[in-house]
Amino acid sequence: RSGQGVGQGQDHRRVRYPLTRPMSRAPLPAAKPHLRLAKPSDGQAVARLLGELGYVCTRDEAVERIVTVLEDPSQLLLVADLHGELCGLLALDFMYYLPLGRNTCRITALIVADSHRKLGVGRELLREAEQRARAAAAARIEVTTASHRRDAHDFYRACGYTESSTRFVRRLGDA
């Protein structure tokens, strides 16, 4: 390794990463969104974005979630700002994956506001996720999405992702 990447246990938030080349020839918006770390003052916009996918929360709950992620060096929360409006978010979790004996990166949330879909915002967020995963020497990047989100499935396939496993969930409490 060249030593330029971010390894296990390092803080993924403090490293600047250039965006990589486009994954496809899909048209991009006239202006690329500015991607930056989320901050507590983004609580209202993060609550709105989470609500668009059915994860309804208040501004205060969103602020608490943002702070929790910011305090965890193995997680990252980015927001996409296009023309002064937060129109997307990306949450990453870097973890050691025992079966591979290596780090992996999981996209735990990738949300683009309904009003900004089909403009390339999601592709920019996905490119950034892949760049950060590579820099962290992750063996792979994965994303989970609800089985009913057919548009999201089509999006990930168009970006080169393949289905690889089935996830089973058992709720422990009200979450």
So, with a 1.4 angstrom probe, what is the percent of accessible area on region 32-76 that is carbon and sulfur? 54 percent
Quick one: if the Förster radius is 22 Å, what FRET efficiency do ASP174 and ARG48 give, using the C-beta to C-beta distance and rounding to 0.05? 0.50
Please work out the Cα convex hull volume for region 112-155 and give it in Å³ per residue. 77 Å³
Given H placed 1.01 Å from N in the peptide plane, which residues other than close sequence neighbours of TYR97 have an amide H under 5 Å from its amide H? ARG102, ASN103, THR104
Using θ = phi - 60° and the Karplus relation 6.51 cos²θ - 1.76 cosθ + 1.60, list the HN-Hα couplings for region 39-55 in order, rounded to whole Hz, with x at every Gly or Pro. 9, x, 5, 7, x, 5, 5, 5, 4, 4, 5, 4, x, 5, 9, x, 9
Amide H neighbours of GLY88 under 5 Å, at least 5 residues apart or on other chains, H built in the peptide plane: list them. ALA80, ALA113
Listed by chain and number, the residues whose amide H is under 5 Å from that of VAL143, excluding neighbours fewer than 5 places away on the same chain and using placed H, are ILE107
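Within region 64-130, list the GluC sites (Glu not before Pro) lying in a DSSP loop whose Cβ has at most 15 other Cβ atoms in a 10 Å radius. Let's see the in-between values first.
Values: sites: GLU64, GLU71, GLU85, GLU124, GLU128, GLU130; in loops: GLU71.
Answer by residue number: GLU71.
Loop-only check: which trypsin sites (Lys or Arg not before Pro) in region 59-151 are DSSP coil with at most 15 other Cβ within 10 angstrom? Don't skip to the end; give the middle numbers.
Working: sites: ARG59, ARG65, ARG102, ARG106, ARG117, LYS118, ARG123, ARG127, ARG132, ARG134, ARG140, ARG149, ARG150; in loops: ARG117, LYS118, ARG140, ARG149.
The qualifying sites are ARG117, LYS118, ARG140, ARG149.
Full-extension gain between VAL67 and ARG134, please, as 0.36 nm times their residue separation minus the C-alpha to C-alpha distance. Don't skip to the end; give the middle numbers.
On the way: separation 67, 0.36 × 67 = 24.12 nm, distance 2.50 nm.
Length gained, VAL67 through ARG134: 21.6 nm.
The values are calculated or read from the model by the stated rules, or taken from the named source; none is laboratory data. Since this is a predicted model, take the numbers as computed values, not measurements. Cβ sites come from the backbone with ideal geometry, for glycine too, and all protein chains shown count toward neighbours. Note: areas computed on protein heavy atoms with side chains; ligands, DNA, RNA excluded. Shrake-Rupley method; radii C 1.70, N 1.55, O 1.52, S 1.80 Å.
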